[in-house]
Amino acid sequence: MTKSQQRVQVHIKSYEILVRYAASITKDWALSEDIVQEAFLRFDAKSPNNAESYLRRIVHNLSIDHLRKQQRELQRFDHETPVASFVEQNPTQESALAQKQELELVLTALAELPEITRRVVEMHRLEGLKLREIASSLNLSVTQTHEHLHRGIKHCMRVLNAKK
């Protein structure tokens, strides 16, 4: 049996088990499927004799990495705070002007983004949709949706910080 045939056998035998394992860590089945696919991409022909345990370790590490990345993202951006709460009730002229300029910068930054990234940011930050809802609506995986959101917000923050 060739190495590629062995890899196909391991894939067939281990796929569902690995997805269940990743889901036990991430609590997200769709994300777990993406993680397992990534693990198989990282799995190389020079893997150790026990391919299943090697794949399980890759899946574990990718799952933990995702949780850490998600935690950092949550610390950076409070996803539950509605946009309206940032607007002062009775702003001074100075703060109203500053808010208007900041809004114009954000709108400009959003216009610079690729269509799909811009749409993900708008759906999440302005419409208040969850990543799963956006992913379903745009036929993306939750991971892809998260990446688009991250890139979009990062771009907007870069534009805002450059103008300060």
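Quick one: in region 128-140, of everything that is over 9 Å from the mean Cα position of the chain (by Cα) and either open to solvent by less than 70 Å² (accessible area, probe 1.4 Å) or among the small types (Gly, Ala, Ser) (or both), which residue is farthest from residue 33 (Cα to Cα)? Here the answer is 128. Scanning region 1-16 for residues that are modelled with pLDDT of 85 or more and surrounded by fewer than 14 Cβ atoms within 10 Å (Cβ to Cβ) returns a single hit, 16. Across region 148-164, the number of residues qualifying as open to solvent by 70 Å² or more (accessible area, probe 1.4 Å) and within 11 Å of the chain's Cα centre (by Cα) comes to 1.
A residue that is at pLDDT 85 or above, under 20 Å from the mean Cα position of the chain (by Cα) and open to solvent by 80 Å² or more (accessible area, probe 1.4 Å) occurs somewhere in region 67-87.
Going by the structure shown, is residue 95 more than 14 Å from the chain's Cα centre (by Cα), modelled with pLDDT of 90 or more and more than 20 Å from residue 155 (Cβ to Cβ)? No.
The values are calculated or read from the model by the stated rules, or taken from the named source; none is laboratory data. Everything numeric in this text was worked out from a predicted model, so none of it was measured. Every residue, glycine among them, receives a Cβ derived from its backbone with ideal geometry; neighbour counts consider all protein chains shown. To get the accessible areas, we keep the full protein, side chains included, count just its heavy atoms, and leave off ligands, DNA and RNA. Shrake-Rupley method; radii C 1.70, N 1.55, O 1.52, S 1.80 Å.
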